[in-house]
Amino acid sequence: YATNYKYLHSLASEEPAPVSVQMLERKVAAFDIRDSEYYQDDYDLYNINFYIPEGRILAAYDKDGKIIRTAERFKDVALPKSVRNAVTDRFPGWTVTRDIYLVNYHEDKGVRKKYKIKLENGDETLRIKVDEKGNFL
């Protein structure tokens with residue numbers, strides 16, 4: 001979809017996101033606000049929510065249908081290899097019990113991706129944050 005190619009291009013990375021995440025991001029990029037029931041000529045900004053069982057995306061569109069920014073949140077997605085390796089190298093013997101994948105896109109600032117991960121080892125629990133390249137935050 002030509003209007004929102006910048007959004008999709010900025011999300012591309014060495015390790016692709018899970019298929020369900022990619023499908024919802026494509027749906028957000030292909031959504032045409034001008035053909036929707038929400039469109040009115042007097043509004044300059046539209047906030048639209050997209051949902052799947054694994055997560056959701058809140059996207060802000062301008063009056064021409066261009067994505068200005070998004071806030072994305074997905075639960076318990078498959079972690080990229082770089083993230084898995086970084087976590088197992090730093091925390092051997094710990095098990096990932098939950099994870100949240102967060103993406104923030106802004107047309108001027110670019111994209112920020114991070115993972116909030118809950119680790120367990122016996123009775124101990126640890127929460128960590130990692131970016132998409134496996135760097136601890």
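The values are calculated or read from the model by the stated rules, or taken from the named source; none is laboratory data. Bear in mind the structure is a predicted one, so any value in this text is a computation, not a measurement. Here the Cβ positions follow ideal geometry from the backbone for every residue, glycine too, while neighbour counts run over all protein chains shown. Remember, those area values only see protein heavy atoms, side chains included, never the ligands or the DNA or RNA. Shrake-Rupley method; radii C 1.70, N 1.55, O 1.52, S 1.80 Å.
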Checked the range 59-94 for anything open to solvent by 60 Å² or more (accessible area, probe 1.4 Å) and over 24 Å from Lys118 (Cα atoms); matches are Lys63, Asp64, Lys66, Arg69
Within the range 40-49, residues being in contact with an Asp or Glu (Cβ under 9 Å, 6 or more places away or on another chain) and either of a type outside the set (Asp, Glu) or surrounded by 12 or more Cβ atoms within 10 Å (Cβ to Cβ) (or both) number 2
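Scanning the range 117-129 for residues that are within 16 Å of Pro92 (Cβ to Cβ) and either open to solvent by less than 90 Å² (accessible area, probe 1.4 Å) or assigned to a loop (DSSP other than H, G, I, E, B) (or both), which turns out modelled with the lowest pLDDT?
Gly122
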Tyr7 fails exactly one of (1) without any contact (Cβ under 8 Å) to a residue 60 or more places away in the chain; (2) touching a strand residue (DSSP E or B) at 6+ places or on another chain (Cβ under 8 Å); (3) among the hydroxyl-bearing types (Ser, Thr, Tyr), namely (1)
Pairs returned, first residue in the range 68-80 that is under 24 Å from Thr3 (Cβ atoms) and touching a residue at least 40 places away in the same chain (Cβ under 8 Å), second residue that is surrounded by fewer than 17 Cβ atoms within 10 Å (Cβ to Cβ) and of a type in the set (Ser, Thr, Tyr), beta-carbon separation under 7 angstrom, 6 or more apart or interchain, are none
